[in-house]
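Engineer: Can you keep this structure in mind? I'll have questions shortly.
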Amino acid sequence: MASAYSKIFAGCFLVLVSAAGMNPQTATSAASGEIKSASPQAAAPAQTEEQKPTSVYESATVLKSITRLVVVDVVATDKNGAVTDLQRDDFTLLENGKEQKVRVFNFQQPRVNASGGASVVPPKLPENVYSNIARYNTGSALNVILLDALNTNLLNQAYVRDQMIRYLEKMPEGQPLAVYTLGSKLTLLQDFTNDPAVLKAVVKELKGKASPLQDSPTGGPDQELLPPGVADSGMMPAGMLQAMQRFEQERVAFQTDLRIAYTLDALNSISRALAGYPGRKNLIWVSEAFPLSIDPNMELTGDIFAGTRNYGPQIAKAADALIDAQIAMYPIDARGLVPSSLFSAESSGRDKFGRSLARGGRMATAASNESAQLQNVHGTMRDMADRTGGMAFYNTNGLDGAIRKSIEDGSTYYTLAYYPEDKNWDGKFRKIQVKVNRSGVKLRHRMGYYAVDPRSFAEQNQKQQASAFGLALDLDSPISTGLPFLALVIPPVEKTPNTVMVNFGVDPHAISFEKQADGLQHATVECTVRVFSAKGKPTGGKITTINAALKPETFARMMEDKFPCQQSVELAPGNYFLRLGVRDSRTGLIGTTNAKVAIASAGSPQEKKP
């Protein structure tokens with residue numbers, strides 16, 4: 001079966017290349033319902049929901065947004081390991097207790113191609129043509145390791161690095177891996193590769209980063225705020241001590257707020273980066289603190305930015321984004337087996353206010369609080385794993401083994417997909433159950449999903465969508481693949497020496513069209529160019545919104561080609577990076593990629609490209 005890349009590339013490449021000579025005024029005419037096509041195809045009837053493609057090679061996010069297809073990856077194991085011989089009729093799938101008809105069934109396991117690798121590298125794009133279409137296609141699951149420096153101290157970061165190297169020494173073939181790090185922002189260290197040498201070089205060069213949001217980023221006990229014995233001596237008024245305690249609680253709460261916000265931004269960015277890749281993705285999140293939890297009773301409706309220090313809706317939305325992109329989470333506690341800090345040789349026997357833990361039952365209280373905190377962290381790990389169909393690992397010093405088991409576990413799975421019988425998209429959580437008619441077989445899969453109408457949800461939460469698009473357009477953010485497109489960047493010509501034209505060609509199958517009472521197919525797509533200097537400083541940009549209303553024949557031709565959009569920016573002489581972005585305003589699907597351009601000074605040779 002052709003990959004999503006090859007299908008879109010074949011339909012868009014000729015259009016984008018030929019667009020260099022296109023008159024900008026004739027690129028689109030949305031108001032009249034006409035879209036010019038460089039290679040019109042024979043008209044084809046529009047597809048209904050049941051007729052639209054349900055190939056597992058399509059993006060799960062696109063399938064949900066366009067057809068409301070619910071995709072469920074199921075890992076089946078018994079006492080001997082992975083079970084690989086189950087058939088469609090062996091499974092029963094239920095939503096909120098009601099059986100659903102399985103429309104798609106597939107089995108996936110690691111496969112190595114004839115050349116010994118798992119990747120299929122697409123053709124190199126021509127000069128000045130850029131794309132966000134997934135450039136790594138494989139028959140097996142993709143694996144992402146997230147090394148969390150934001151929530152992990154330097155000592156444990158060094159331990160994780162050593163354990164990563166141990167894993168890479170015996171890394172199996174055919175298991176593509178990408179590596180991200182999380183500090184105050186998310187950074188892609190290495191895109192997907194199955195070459196252990198490349199990955200090992202990246203990990204060996206990895207330097208620890210002290211988190212600005214941890215009280216003890218280097219490890220060890222927290223710093224004491226008062227001299228030893230002052231609080232116990234009675235020299236400090238009780239009211240002053242209480243005020244200090246309240247201030248400390250507020251400081252820790254604010255610090256936690258920032259950690260949660262950065263962590264959620266990272267998870268959402270990873271979801272957008274992986275949304276366009278087919279099949280299951282395993283996110284191996286190595287951290288010592290997981291400041292998240294999910295309330296299954298939460299409804300994803302209304303403004304999720306309302307309120308303060310209530311991250312339930314945002315966390316639920318991040319979890320739903322992971323699920324939509326077919327990402328299963330495998331959290332690993334970077335601390336390994338965690339002993340009590342109260343009995344550590346580094347412990348002073350005092351709390352952070354310099355008070356002796358041996359007095360007034362403080363030792364028991366401190367031990368109880370520490371145990372509760374550890375249980376909360378591990379509970380969150382289990383919760384995130386269970387809800388996304390992964391597995392949590394903690395209280396183990398063999399982190400390399402945990403990484404290996406995570407990848408092995410998520411590489412062999414069954415894909416089941418269905419159209420929900422319940423068409424009431426009220427934002428409530430719907431529980432998914434999968435049963436199998438064979439004794440001794442255990443199943444793991446995501447627990448459910450939020451029944452959100454992607455089209456109305458994007459329209460009702462403009463603030464959230466604008467925030468997500470703004471973050472995706474940051475030059476440092478990973479490329480978003482949810483809305484695939486190609487773009488031709490046309491350098492200035494003699495008549496317009498400072499004008500850069502960008503011709504976008506968006507995959508129309510990923511755009512949400514709605515046939516309205518006027519008989520036309522309506523869609524709203526934004527295309528934008530954000531400009532950065534050669535040093536990465538933002539210097540401006542432009543955004544265009546296309547409100548398309550297409551006649552049936554125009555719509556049919558476009559579905560065989562691409563959805564065009566054209567943008568231009570005026571730039572002074574110099575070298576620039578461009579962040580190109582598109583967004584479906586109905587579903588919130590986003591696509592971004594990076595480009596570069598050089599503007600020559602008048603009468604001078606072309607500037608050196610950045």
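The values are calculated or read from the model by the stated rules, or taken from the named source; none is laboratory data. For clarity, every value in this text was computed on a predicted model and none was experimentally measured. All Cβ positions, glycine included, derive from the backbone under ideal geometry; neighbour counts span all protein chains shown. Remember, those area values only see protein heavy atoms, side chains included, never the ligands or the DNA or RNA. Shrake-Rupley method; radii C 1.70, N 1.55, O 1.52, S 1.80 Å.
Engineer: Modelling each spin label as a point 7 Å along the Cα-to-Cβ direction, I'd like the Gln249/Ile165 distance in nm, to one decimal.
Structural biologist: 4.5
Engineer: While we're looking at this one, here's another question. For Asn128, list long-range residues whose amide hydrogen, built 1.01 Å from N in the peptide plane, is under 5 Å from its own amide hydrogen.
Structural biologist: So Asn128 has HN proximity to no qualifying residue.
Engineer: Here's another thing I want to ask about it. Among Leu589, Thr524, Tyr576, whose Cα sits farthest toward the positive end of the charge dipole of the stretch 485-610 (+1 at Cβ of Lys/Arg, -1 at Cβ of Asp/Glu, about the Cα centre)?
Structural biologist: Tyr576
Engineer: Read phi for every residue in the stretch 353-367 and hand back ³J(HN,Hα) as whole Hz from Karplus 6.51 cos²θ - 1.76 cosθ + 1.60, θ = phi - 60°, with x for Gly and Pro.
Structural biologist: For the stretch 353-367, the Karplus curve yields 9, x, 8, 5, 6, 7, 9, x, x, 5, 4, 5, 5, 5, 5 Hz.
Engineer: For the stretch 396-490, calculate the relative contact order in percent as a whole number, restricting contacts to Cα pairs under 8 Å that are 6 or more residues apart.
Structural biologist: 19 percent.
Engineer: Below 12 angstrom from the Cβ of Asp232, what's the summed charge of the other residues (Lys, Arg +1; Asp, Glu -1)? Write out the running numbers ahead of the final one.
Structural biologist: On the way: positive: Arg350, Arg355, Arg359, Arg362; negative: Asp351.
Result for the neighbourhood of Asp232: +3.
Engineer: When we measure straight from the Cα of Lys596, which aspartates and glutamates land under 13 angstrom away, once same-chain ones fewer than 8 places off are left out?
Structural biologist: Cα-Cα hits under 13 Å: Glu127, Glu607.
Engineer: Still on this model: Percent relative contact order of the stretch 161-235, based on C-alpha pairs within less than 8 angstrom and at least six residues apart?
Structural biologist: Reported relative contact order: 23 percent.
Engineer: Calculate I(q)/I(0) for the stretch 121-213 by the Debye formula, one identical point scatterer on each C-alpha and no solvent, and give its log10 at q = 0.15, 0.17, 0.22 Å⁻¹ to two decimals.
Structural biologist: With no solvent term, the Cα-only Debye profile gives -0.67, -0.81, -1.12.
Engineer: Next up: May I ask you to rank Glu494, Glu570, Glu288 by accessible area, largest first, using a 1.4 Å probe over the protein chains only?
Structural biologist: Accessible-area ranking of Glu494, Glu570, Glu288, largest first: Glu494, Glu570, Glu288.
Engineer: Strictly greater than 24 Å: what percent of every Cα pair in the stretch 142-270 meets that? Spell out each step's value before the answer.
Structural biologist: Working: 3769 of 8256 pairs.
Of the Cα pairs, 46 percent sit more than 24 Å apart.
Engineer: Apply the Karplus curve 6.51 cos²θ - 1.76 cosθ + 1.60, θ = phi - 60°, to the phi angles in the stretch 478-489 and return the couplings in whole Hz, x for Gly and Pro.
Structural biologist: Coupling constants for the stretch 478-489: x, 4, 8, 10, x, 10, x, 7, 10, 9, 9, 9 Hz.
Engineer: Also, quick follow-up: With all protein chains present, calculate the accessible area of Tyr262 using a 1.4 Å probe and round the result to the nearest 10 Å².
Structural biologist: 80
Engineer: Separate question: If ligands, DNA and RNA are left out, what is the accessible area of Thr365 with a 1.4 Å probe, given in Å² to the nearest 10?
Structural biologist: Surface accessible to solvent at Thr365 totals approximately 80 Å².
Engineer: OK, next. Quick one: Debye curve from the alpha-carbon atoms of the stretch 213-268 only, equal weights, vacuum; give me log10 I(q)/I(0) at q = 0.15 Å⁻¹ to two decimals.
Structural biologist: Ignoring solvent entirely, the Cα scatterers give -0.61.
Engineer: Among the listed pairs Lys423/Lys463; Lys207/Lys317; Lys98/Lys431; Lys317/Lys463, which have their C-alpha atoms separated by more than 21 angstrom in this model? Present the calculation step by step, with values, prior to reporting the outcome.
Structural biologist: Details: Lys423/Lys463 26 Å; Lys207/Lys317 32 Å; Lys98/Lys431 10 Å; Lys317/Lys463 14 Å.
From Lys423/Lys463; Lys207/Lys317; Lys98/Lys431; Lys317/Lys463, over 21 Å: Lys423/Lys463; Lys207/Lys317.
Engineer: Now for a separate question. May I ask you to work out the translational diffusion coefficient for the stretch 320-433 at 10 °C, viscosity 1.306 mPa s, via Stokes-Einstein with Rh from the Kirkwood sum over Cα pairs, reported in whole µm²/s? Mind dumping the intermediate values first?
Structural biologist: Numbers: Rh = 17.7 Å.
My calculation gives 90 µm²/s for D.
Engineer: While we're on this one: In the stretch 138-241, which trypsin sites (Lys or Arg not before Pro) fall in coil by DSSP and have 14 or fewer other Cβ atoms within 10 Å? It would help to have the intermediate numbers written out before the result.
Structural biologist: Working: sites: Arg161, Arg166, Lys170, Lys185, Lys200, Lys204, Lys207, Lys209; in loops: Lys170, Lys185, Lys207, Lys209.
Within the stretch 138-241, the qualifying trypsin sites (Lys or Arg not before Pro) (loop, at most 14 other Cβ atoms within 10 Å) are Lys170, Lys207.
Engineer: Still on this structure, please answer the following. Sum up the charges of everything whose Cβ sits under 11 Å from the Cβ of Leu182, counting Lys and Arg as +1 and Asp and Glu as -1, but leave Leu182 out.
Structural biologist: Here the charged neighbours net out to +1.
Engineer: For the stretch 420-436, take each phi angle, set θ = phi - 60°, evaluate the Karplus expression 6.51 cos²θ - 1.76 cosθ + 1.60, and give the result in whole Hz per residue in order, putting x for glycine and proline.
Structural biologist: After applying 6.51 cos²θ - 1.76 cosθ + 1.60, I find x, 5, 7, 9, 8, 8, 9, x, 7, 6, 10, 7, 10, 10, 10, 10, 10 Hz.
Engineer: Shifting gears a bit: Excluding Tyr136 itself, what net charge comes from residues whose Cβ is under 13 Å from its Cβ, given Lys and Arg +1 and Asp and Glu -1?
Structural biologist: Neighbour charge sum, excluding Tyr136 itself: 0.
Engineer: Still on this model: Which number do you get for Rg(Cα) / (2.2 N^0.38 Å) in the stretch 440-548?
Structural biologist: 1.45
Engineer: Go through 355-361, 319-325, 151-157 and give me the packing order, highest mean Cβ count within 10 Å leading.
Structural biologist: Highest-to-lowest ranking by the protection proxy: 319-325, 151-157, 355-361.
Engineer: According to a simple spin-label model (label point 7 Å from Cα along Cα-to-Cβ), what is the distance in nm between Asp89 and Gln516?
Structural biologist: Each label point lies 7 Å from its Cα, and together they span 4.9 nm.
Engineer: Next question. Could you sort Met235, Met447, Met329, Met240 by their accessible area in this structure, using a 1.4 Å probe and putting the largest first?
Structural biologist: The ordering from most to least exposed comes out as Met235, Met240, Met447, Met329.
Engineer: Taking Cα pairs under 8 Å and at least six residues apart, what relative contact order does the stretch 317-458 come out at, in percent?
Structural biologist: Once normalised by length, the contact order is 30 percent.
Engineer: If you don't mind, another one. Among the lysines, which have Cα under 25 Å from the Cα of Lys209 when same-chain residues fewer than 8 positions away are ignored?
Structural biologist: Lys185, Lys200, Lys352, Lys535, Lys537
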